[in-house]
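First the structure, in the form of structure tokens, and then the observations on it.
Where a number appears in this text, it was derived from the coordinates with a stated rule and is not lab data. In this text the structure is predicted, and so the values were computed from the model without any measurement. Positions of Cβ are generated from backbone atoms using ideal geometry, with glycine treated the same way; all protein chains shown enter the neighbour counts.
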Amino acid sequence: MIRTAVLVSGGGTNLQAILDAAKAGALPHAEIALVVSSNAKAYALTRAEKAGIARAVLAKSSDETPEAYGQRLIALLREHDIQLVALAGFLTILPENVIRAFDHRILNIHPSLIPSFCGKGFYGLRVHEAALARGVKLTGATVHFVNEIPDGGDIIAQQAVAVLPGDTPELLQRRVMEEAEWKLLPAALEQVASDLSV
Ligand code: GAR
């Protein structure tokens with residue numbers, strides 16, 4: 001079993017999808033060993049507590065360099081023997097030292113079909129607002145490896161989702177989560193954990 005950390009900042013519905021998949025036996029190669037939140041008030045922490053998973057809050061302070069914050073995060077992950085990391089709505093840009101320390105071992109879920117509506121400034125509802133403003137008829141979600149370019153790493157899996165007449169950003173966000181994100185992230189996590197196990 002590959003010891004896996006999930007990094008969160010908010011509601012944690014993607015974390016919940018991972019926890020549900022683990023409970024259902026769909027993650028035979030990944031053990032969810034730690035949840036790290038950038039925000040002490042994130043509901044994702046309650047989800048982790050209910051599932052009996054170790055939790056930590058690690059926020060970057062304003063007077064801290066990205067490198068120093070990265071060192072603290074690397075130390076925390078090492079302390080828990082973490083081998084694989086999933087970003088599930090984690091809104092802090094990962095410092096380069098973390099990306100280097102976990103090369104091709106950090107996955108991110110992004111709520112669009114990369115390369116559309118991604119990169120700096122595209123997160124959460126903003127992604128769906130941009131998709132609706134552009135008038136696309138298909139959007140979706142992407143799981144990719146994290147490298148030094150925001151949303152620029154190798155793509156692992158994508159799922160398309162229809163944009164429907166009358167969609168609001170909130171409606172579209174919910175459909176992308178239900179039809180794509182909550183299936184795609186656990187499946188990609190299992191695939192990468194399985195590849196790391198051989
Ligand atoms: C998800 O839609 C995720 O794809 C998005 O934030 C949301 C978190 O929701 N991530 C990004 O926009 C990253 N650029 P959750 O906390 O309920 O999983």
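Rounded to the nearest 500, the helix-only mean residue ellipticity at 222 nm of the chain stands at -11000 deg cm²/dmol, with each DSSP H run of n ≥ 4 adding -39,500 (n - 2.57).
Straight-line reach from residue 50: which lysines have Cα under 16 Å away, leaving out those fewer than 8 places along the same chain? List returned: 23, 41.
Distant-in-sequence amide contacts of residue 30, defined by a placed amide H-H separation under 5 Å and a gap of 5 or more residues or a different chain, comprise 2. The Stokes-Einstein estimate for the range 66-183, based on a Kirkwood radius over Cα pairs and taken at 25 °C with 0.890 mPa s viscosity, is a diffusion coefficient of 164 µm²/s.
For the pair residue 65 and residue 159 in one chain, pulling the backbone fully straight at 0.36 nm per residue adds 30.2 nm over the alpha carbon distance.
Fewest neighbouring Cβ atoms within 10 Å first, the residues 50, 60 line up as 50, 60.
If R0 equals 45 Å, the separation of the Cβ atoms of residue 138 and residue 104 corresponds to a calculated FRET efficiency of about 0.95. Centre-to-centre separation between the Cα atoms of the range 1-74 and those of the range 121-187: 21 Å. Here is the tail figure for the range 11-68: Cα pairs spaced more than 20 Å apart come to 32 percent of all pairs.
Between the helical axis of 182-197 and the longest alpha-carbon principal axis of the chain there is an angle of about 40 degrees. Using a Förster distance of 22 angstrom, determine the FRET efficiency expected from the C-beta separation of residue 171 and residue 126, and round it to 0.05. That pair, residue 171 with residue 126, gives E of 0.90. Taking 16 Å as the cut-off, the amide N atoms of the range 53-68 that come nearer than this to a point 7 Å along the Cα-to-beta-carbon line of residue 97 belong to 59-68.
The phi torsions of the range 31-36, fed into the Karplus equation with coefficients 6.51, -1.76 and 1.60 and a -60° offset, translate into couplings of 10, 7, 9, 7, 10, 10 Hz, rounded to whole numbers, with Gly and Pro shown as x. With no solvent and one point on each alpha carbon, what is the Debye value of log10 I(q)/I(0) for the chain at q = 0.13 Å⁻¹? After summing over all Cα pairs, the log10 values are -0.66. Grab the other residues whose beta carbon is less than 13 angstrom from that of residue 193, score K and R as +1, D and E as -1, and report the net. Overall, the nearby charge balance is -1.
When Rg and Dmax are taken over the Cα atoms of the range 34-111, they come to 12.3, 34 Å.
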